[in-house]
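Below is one structure, written out as structure tokens, with a few remarks after it.
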Amino acid sequence: MNFPWGASPSELKVLECERAVKAGTKAIDTTMNIGALRSGYYDVVLQETRDFVKACQGNISKVILDTAFLTDEEIATGCKIIAEAGTNYAKTATGQFEGPTMEQFLMMKETLKGTDVKLKVAGVKFPRPQNAYCFLMAGADLIGTRSAPAMIDALDQMREIGIVPPYKG
């Protein structure tokens, strides 16, 4: 919901979320209000995030930061807001632009250490299979991708060159 900038009014975000839940959706993504975060309106961002989590009605909530447009300080602040609001996942990107760097992901991981918030990586660019595996090894709980078949097809090659351990099945 609310891609790519999270700039829709909170009431609209809540309405979209409530409709998605009513339709049977079990996991809902929304984009954090990037403009409000970058402008230092943290109280607005926190309230919008709380409203979103409440509208999810116990279903999985994921808030996207789109790290490519944020400073390290803004990413850390966004993660703290996500945790304070009770969100289930912090997500790195919408996937429409650049994805996160490993440094940005590790900072998110460190900022969220000791909270219940899980991490979802999205927006990972080429080579996707190797990058996705690296993010999983670094602690990502989920990978968002449009390239799952290509990633699966690359597993044998990644095993052959030693990036992925041998299959034991």
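The values are calculated or read from the model by the stated rules, or taken from the named source; none is laboratory data. Bear in mind the structure is a predicted one, so any value in this text is a computation, not a measurement. Positions of Cβ are backbone-derived with ideal geometry, glycine not excepted, and every protein chain shown enters the neighbour counts.
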Next on the checklist: Condition first: touching a Leu at 6+ places or on another chain (Cβ under 9 Å) and either more than 13 Å from Val121 (Cβ to Cβ) or of a type in the set (Lys, Arg) (or both). Now tell me which residues in the range 55-74 satisfy that.
Outcome noted: Ala55, Lys62, Leu70, Glu74
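Can you name the residue in the range 110-169 that is β-branched (Val, Ile, Thr) and more than 29 Å from Val53 (Cβ to Cβ) and, of all such residues, is modelled with the highest pLDDT?
Ile161
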Checklist entry - Can we say Leu65 is under 16 Å from the mean Cα position of the chain (by Cα), within 18 Å of Thr111 (Cα to Cα) and surrounded by 22 or more Cβ atoms within 10 Å (Cβ to Cβ)? => result yes
Checklist outcome for this item: Selection over the range 19-45 where residues are under 15 Å from Ile81 (Cα atoms) and either out of contact with any Phe, Trp or Tyr (no Cβ under 7 Å at 6 or more places or on another chain) or basic (Lys, Arg) (or both) yields a count of 12
Next on the checklist: Here is a check on your reading of the model: is Val21 at pLDDT 95 or above, farther than 16 Å from Ser61 by Cβ, surrounded by 14 or more Cβ atoms within 10 Å (Cβ to Cβ) and out of contact with any His (no Cβ under 8 Å at 6 or more places or on another chain)?
Outcome noted: no
Next on the checklist: Among the residues of the range 109-167, what is the count of those that are over 22 Å from Glu84 (Cα atoms) and β-branched (Val, Ile, Thr)?
Outcome noted: 7
Checklist entry - Just a yes or no: is a residue in the range 37-52 touching a Lys or Arg at 6+ places or on another chain (Cβ under 7 Å), within 28 Å of Val164 (Cα to Cα) and at pLDDT 95 or above? => result no
Checklist entry - How about the range 26-39: which of its residues are exposed (fewer than 15 other Cβ atoms within 10 Å of the Cβ) and either within 16 Å of the chain's Cα centre (by Cα) or over 18 Å from Gln96 (Cβ atoms) (or both)? => result Lys26, Ala27, Ser39
Next on the checklist: Go through (1) surrounded by fewer than 19 Cβ atoms within 10 Å (Cβ to Cβ); (2) closer than 17 Å to Gly95 by Cα for Met151 and report which single condition fails.
Outcome noted: (1)
Checklist entry - Does the range 97-117 contain at least one residue that is within 14 Å of Ala76 (Cα to Cα) and among the basic types (Lys, Arg)? => result yes
Checklist entry - If a residue has to be in contact with a Leu (Cβ under 9 Å, 6 or more places away or on another chain) and among the charged types (D, E, K, R) to count, how many in the range 96-141 make the cut? => result 4
Item to check | Out of Glu74, Glu16, Glu48, Glu11, sole residue that is out of contact with any Phe, Trp or Tyr (no Cβ under 6 Å at 6 or more places or on another chain), surrounded by 15 or more Cβ atoms within 10 Å (Cβ to Cβ), more than 17 Å from Gly144 (Cβ to Cβ) and without any contact (Cβ under 8 Å) to a residue 24 or more places away in the chain | outcome: Glu16
